[in-house]
Amino acid sequence: MGLKQNEKDFFRELGLRLRKARIERRETQEGLGVRAGVSRQLLARMERGEASVALGKWIRVSSILGLMDTWSQALIMPVDPFVEYDEKQRQLNKLRKTRVRKK
């Protein structure tokens, strides 16, 4: 099963960010590859946005180029809808149990 278009777009965008950061730092693919411990060919594949490259390599190169914030959204844990539902139920139950004083 192939990647969906939005998944392909994600890797293409990530590759463009790597390339832009490398060029802004005036670094060659070969030089960055040596620093990251990857081949120039692998780095070229990454810059083209090929999804088959191991995640660890994407992260290593991103780290060297100062692009770790690119990955920060992936680390944010979404709110679990079941936890959110349980909390709302607790609040409702608490409200039901409180006495209302009549005047």
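The values are calculated or read from the model by the stated rules, or taken from the named source; none is laboratory data. Being a predicted model, the structure only gives us computed values, none of them experimental. For neighbour counting, all protein chains shown are included, and Cβ atoms are generated from backbone atoms with ideal geometry for every residue, glycine included.
Results, tabulated for the structure shown:
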{"read-out": "Filter result for the condition that a residue is modelled with pLDDT of 95 or more and among the charged types (D, E, K, R), over R40, R17", "value": "R40"}
{"read-out": "Filter result for V61 (β-branched (V, I, T) and loosely packed, with under 10 Cβ neighbours inside 10 Å)", "value": "no"}
{"read-out": "Region 1-12, subset part of a loop (DSSP other than H, G, I, E, B) and either without any contact (Cβ under 8 Å) to a residue 24 or more places away in the chain or in contact with a Cys (Cβ under 7 Å, 6 or more places away or on another chain) (or both), residue surrounded by the fewest Cβ atoms within 10 Å (Cβ to Cβ)", "value": "M1"}
{"read-out": "So S72, is it loosely packed, with under 14 Cβ neighbours inside 10 Å, among the hydroxyl-bearing types (S, T, Y) and part of a helix (DSSP H, G or I)", "value": "yes"}
{"read-out": "Residue identified as outside any helix (DSSP H, G or I) and either closer than 27 Å to L3 by Cα or in contact (Cβ under 8 Å) with a residue 12 or more places away in the chain (or both) among G15, G33, G49, G56", "value": "G49"}
{"read-out": "Region 18-30, residues that are among the β-branched types (V, I, T) and in a loop (DSSP other than H, G, I, E, B)", "value": "T28"}
{"read-out": "Residue within region 52-71 that is of a type outside the set (F, W, Y), within 19 Å of the chain's Cα centre (by Cα) and more than 19 Å from A21 (Cα to Cα) present", "value": "yes"}
{"read-out": "Filter pass, V83 being over 19 Å from F10 (Cα atoms) and not in a helix (DSSP H, G or I)", "value": "no"}
{"read-out": "Filtered residues of region 59-69 (kept if among the small types (G, A, S) and outside any loop (DSSP other than H, G, I, E, B))", "value": "S62, S63"}
